[in-house]
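A short write-up of the structure that comes next.
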């Protein structure tokens, strides 16, 4: 037995008019509906239509993709059930999390991705506000005067910066097959400096000066070398300091991947200074990046790498040269 499209619309109108204290029959929260809609929007048409048939046991006939998406959201029991459907492929969930600023290892299995997605949606705040910072970190009116920033927390600033910077850089990796975000020298001061220490095949040191060169060298890591940088934003993997003169230092540790292989770990420090001519937005003054290869990591927990910088070493980064 199949419902005609008109019958389905009549039932839907009845549901919207008669069921009280509930947004939809499936029990999805508004945050879950928004997130699931984004995932459905990334699916192929044939998979959406097939999923609609599966969810409704072929009882609802739809005329187009828009109707199919509405049926899927309305007749799924809960978000977890829908995410675990075969047609909702692992890669779709991974790309969704990356787009929301959530760092996940490329080797994460579907079960891990589903769990992390549900955790994201269960937050009291919408995912865009909870985890994804603006395209460029901005200051609030209350924070323009440094003297008024009694509650300024450099660690919170560091978390927001990492949740902005790394998804943007990783999006340049063609292996992820996602729309590249707005990467470029505009995020750096004109005299920005990059120091890169690589211990992959021997020890190699690079030093570059200028926003353009700094931007291009970091871009080559993800776009050309197809690397994926996964940060550890736990307390032992992230540190931040602020100087009285306006410099904020952010240091973070993480792992480096190519496709499903873990290649090694990295430690990266940033010096951030506001640009008064660009709405007091934060721009990168210097970057120091250390990379170590996988076979040098015996006995280390690569799933949660820790920073090796001590407080004295971090303090030294405050002095700009």
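Values in this text are rule-based calculations from the coordinates and carry no lab data. Computed from a predicted structure; not experimentally measured. Neighbour counts are summed over all protein chains in view; Cβ atoms, including those assigned to glycine, are modelled from backbone coordinates with ideal geometry.
Stretched out straight at 0.36 nm per residue, the stretch from residue 84 to residue 259 would grow longer than its current Cα-Cα span by 60.7 nm. Computed from the Cβ-Cβ distance with R0 of 22 Å, the FRET efficiency linking residue 197 to residue 104 stands at 0.25.
Highest-first packing order for the peptide set 189-195, 274-280 is 189-195, 274-280, based on the mean count of other beta carbon atoms within 10 Å.
Computed from the C-beta positions of residue 66 and residue 111, the FRET efficiency with R₀ = 30 Å rounds to 0.50. Its alpha carbons considered, the range 161-230 gives a radius of gyration followed by a Dmax of 12.5, 35 Å. Once the C-beta distance of residue 59 and residue 275 is scaled by a Förster radius of 56 Å, the resulting FRET efficiency is 0.45 to the nearest 0.05.
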